[in-house]
Amino acid sequence: MNTPITVQYKINAPAEKVWNALTDKNEMKSWYFDIQDFVLETGKEFNFYEPGEAKKYHHQGRILEIIPNKKLKHTWSYPEFSDAVTTITWELQAEDNGTLVTLTHENIEGFDGLGESFSRKSFTDGWNGIIGQSMKEYLEK
């Protein structure tokens with residue numbers, strides 16, 4: 001069964017500001033991850049690790065689709081742990097006094113068997129913290 005994780009939050013900031021936070025690697029490191037090789041271009045790959053000295057969990061992604069100020073879609077994988085490749089879609093919808101941010105993480109069942117850190121609950125909690133706390137606080141300050 002492939003049931004995507006969907007996380008949605010209203011951010012009190014214009015879509016352009018949310019888009020910049022999502023796609024500018026200098027802004028990303030303030031609320032998300034430090035992704036040194038991120039280039040906003042379809043087909044480009046990027047790599048990053050969990051924060052901290054341990055360089056834990058090598059993440060790898062490849063940009064699949066870009067619609068400025070509206071949608072960013074990319075792959076999400078852990079090449080050192082699994083051949084599975086999941087998909088993340090960030091969708092931004094401008095509203096009267098802010099932006100509705102919807103994240104959809106598909107095919108996480110490919111990570112089954114990798115342990116609690118890769119469970120549906122772990123990803124759901126992680127995305128809720130990243131968007132509902134880190135991104136929201138960064139953009140609404």
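Key figures
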quantity	calculated
Relative contact order, percent, segment 5-140 [alpha-carbon distance under 8 Å, six or more residues apart]	28 percent
The chain - mean residue ellipticity at 222 nm from DSSP helices (-39,500 (n - 2.57) per run, n ≥ 4, rounded to 500)	-6000 deg cm²/dmol
On Cα atoms only, tilt of 120-129 relative to the major axis of the chain in degrees	30 degrees
Hits among aspartates and glutamates - C-alpha to C-alpha of K17 under 14 Å, sequence gap 8 or more where chains match	E27, E91, E95, E137, E140
Efficiency of FRET between R62 and N12 - r from beta-carbon atoms, R0 22 angstrom, step 0.05	0.10
Cα-centre dipole for segment 1-99 with unit charges at Cβ (Lys and Arg positive, Asp and Glu negative), debye to 20	80 debye
Sites N20 and E116, calculated FRET efficiency, Cβ-Cβ separation with R0 30 Å, nearest 0.05	0.30
Spin-label pair T42/E137, simplified geometry with 7 Å Cα→Cβ offset, distance in nm	3.7 nm
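Since every read-out is calculated from the coordinates, none of them should be taken as a lab result. Note that the structure is predicted; figures quoted are calculated from it, not measured. So basically every Cβ, Gly included, is an ideal-geometry build from the backbone, and we count neighbours across all protein chains shown.
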